[in-house]
Each structure stands twice: as structure tokens, then as C-alpha cells.
Amino acid sequence: MRARYGIPLGITAAGAAGLLYAAGFEARSFRLRRVTIPVLPSGMRPLRVLQVSDIHMVGGQRKKQRWLRSLAGLRPDFVLNTGDNLSDPEGVPEVLDALGPLMEFPGAYVFGSNDYYGPTLRNPGRYLVEKVQGRHGLNGNAPVTGVVHNPWEDLRDGFDTAGWLNLTNTRGTLKIDGTSIELTGLDDPHIKRDRYTEVAGGPSDASDFSMGVVHAPYLRALDAFTADGYPLVLAGHTHGGQLCIPFYGALVTNCDLDTDRVKGLSTHTSGGHTSYLHVSAGCGTSRYTPVRFACPPEATLMTLVSRD
């Protein structure tokens, strides 16, 4: 009997331990990642940019809320929120409370699909199937029906009242100590809300520095930003793969971006131009898959410095 059941029981125990670690520890092990990116024009002073993404707030996540509030102690020059703040229709007050100290700083935001719609219970294996079939989100899949509509208008109003720029298929400008920072944003490509034709044309000559902002790093969005000459593009959405294999990495990105660039700093080339791309692994998970493995939740403090 021992020989017959020892291996299955051992596998079951290991699986249970891994699940406990992924849900009970790593998903709550919040990290700050720091990166330096040489993208500014010569002679321009460095800029400290805090990117928060994929919060996926669910009621009662007190540790996450405390950690987000603590990020204000970094004193960034400005904050960029790259979407998917919600995973609970009742989560708007807790998002605004957690981000309240950060909203004392200049900032801007784009929304992701989970800001508009509540998550649905789905088999995680479908992400692998969709990757093989080249289908992601609404890009090649049938429209989702019967979904919960999140109160994204309340979230938008809270951000707008704090003075953060709404970059939904539009441009905005931040003034930082006399420096003009142009931000060009897209709505979420994952649900086909991006309209690049409304912001096309590349960086404005009137700004000291320009960058692109989008939630999901679909190649069509990255190609457009890069071909138009933006030196830096920020995105989120991927969760860094969320469930990764140690010493191998992510299995999926939940979009058509390759897994080698699922998180962190990389480059993207299109139309004879090359841009830096930064993809945040985010600090949350869907309420239906509250686990992370070999991919801790994060925010990123970027120091933008001169290309020289």
C-alpha cells in the first residue's frame, strides 16, 4: 500500500504546499523594483516616475492598501497608473483610499478591461490554449456576454478630481519644475478600445519629453508608438506571467507580446525606430486566481536620465 500511494500523496502534499505559498505568501509579498532608463534629451534633469499597475482591488485587502499608501514616501516626480485597478465592483472607495497619498503628486492614468468589467471564472489552462491559437481578449475571441459592469466612472471621477490626467485615447501634458512632459495614451487594446488614429503624429515639438502609455502591450499599439518616434512606452496587463516556472520564466502574456518581454525593461523596434518598453508585472491578481508563483507583485520606480 505504501508503494502504491506514496507518490500520489507526495505529489498532493507538494501541490498543496505550492498553492499555500503562491496564495498565502507570494501574492502578498509586495516589492518595489527600480530601473534607470536613458531616454531624456541631453541636459535635461533626471525624472523619477512611479508606475503602479494591475492593482485588482478586492474588498478587505488591507496589506495591499497599506503598501500602496506607503509608496508616497518615495516622493516621485509623477505617477503613472496603467490600469486594471478593480477586481470587485465595490472596490472603488478602497482603490481611491489606497492611492490617496500618491494622488498628491502629479499623475496620469489609462484604464484596463477590469476597470470596465468584472472578472469571470475561467480555467487558467485557457490562456495556454489561446496563446497557441493566437487568440487573446476580444482580439479573435467572441465578445463576452453577461459580464458585470464595474463603476469605472466613479474611479475616473476620483482620479480626475485629484488632478490626474485621463489619457483615454488622448494626449496630456504635465509640468514638472518647468519641464513639459507629454503623455500620449490609449484605451485598452485587450478589449479593442484603442484608437491610435486619434493620437497619431508622434511627439509634439512643444514638449521637452514625450512617452506613450497603454494598459495591454499588444504589438499593434507598440508598433504605432515606436514608429511615431516615442522613446519610451509603459504598459501593464501581463502580471509578469503570474504563474512562472523558476529558471524558465513566464508561459503566457495574455496578449501577443512574447514571453521574453513579459515584464521589466526591454526594447521594441518598428518603422525604423527603437523605443524602450517597460511592462509592469503589477501588484494584484484576479479575484478568481489569487495566486502568484516565481513572480512577486510589484510597483516600479523608474529614473529617467539623459541619453548621453
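Note on region 266-292: residues that are among the aliphatic types (A, V, I, L, M), closer than 16 Å to Gly241 by Cα and within 13 Å of the chain's Cα centre (by Cα) total 2.
Tell me, please, whether a residue that is open to solvent by 30 Å² or more (accessible area, probe 1.4 Å) and either in contact with a Phe, Trp or Tyr (Cβ under 8 Å, 6 or more places away or on another chain) or under 17 Å from Val52 (Cβ atoms) (or both) can be found in region 272-280. Even if it seems obvious, please write down each step before you answer.
Step one: list which residues in region 272-280 are open to solvent by 30 Å² or more (accessible area, probe 1.4 Å), which gives 272-274, 276.
Keeping just the survivors that are either in contact with a Phe, Trp or Tyr (Cβ under 8 Å, 6 or more places away or on another chain) or under 17 Å from Val52 (Cβ atoms) (or both) gives none.
No, region 272-280 contains no residue that is open to solvent by 30 Å² or more (accessible area, probe 1.4 Å) and either in contact with a Phe, Trp or Tyr (Cβ under 8 Å, 6 or more places away or on another chain) or under 17 Å from Val52 (Cβ atoms) (or both).
Out of everything in region 293-304 that is under 15 Å from the mean Cα position of the chain (by Cα) and assigned to a loop (DSSP other than H, G, I, E, B), what residue ends up being surrounded by the most Cβ atoms within 10 Å (Cβ to Cβ)? Step by step, filter region 293-304, then rank; the result is Pro297. Considering only region 249-260, I want to know if a residue exists there that is in contact with a Gly (Cβ under 9 Å, 6 or more places away or on another chain), charged (D, E, K, R) and modelled with pLDDT of 95 or more. Looking for residues that are in contact with a Gly (Cβ under 9 Å, 6 or more places away or on another chain), charged (D, E, K, R) and modelled with pLDDT of 95 or more, one finds at least one in region 249-260, hence yes.
Among the numbered conditions (1) under 22 Å from Ala281 (Cα atoms); (2) of a type outside the set (Phe, Trp, Tyr); (3) open to solvent by 30 Å² or more (accessible area, probe 1.4 Å); (4) in contact with a Ser or Thr (Cβ under 7 Å, 6 or more places away or on another chain), the only one that Leu219 does not meet is (4).
If the condition is being part of a loop (DSSP other than H, G, I, E, B) and open to solvent by less than 10 Å² (accessible area, probe 1.4 Å), then region 102-117 contributes Val110, Phe111, Gly112. Looking across region 128-172 at every residue that is in contact with a Ser or Thr (Cβ under 9 Å, 6 or more places away or on another chain), open to solvent by 50 Å² or more (accessible area, probe 1.4 Å) and aliphatic (A, V, I, L, M), the one that is farthest from Gly201 (Cα to Cα) is identified as Val148.
The values are calculated or read from the model by the stated rules, or taken from the named source; none is laboratory data. Computed from a predicted structure; not experimentally measured. Please note: Cβ atoms are built from the backbone with ideal geometry, for glycine as well, and neighbour counts cover all protein chains shown. Each accessible area value is taken on the protein alone, full model and side chains, heavy atoms only, with ligands, DNA and RNA left out. Shrake-Rupley method; radii C 1.70, N 1.55, O 1.52, S 1.80 Å.
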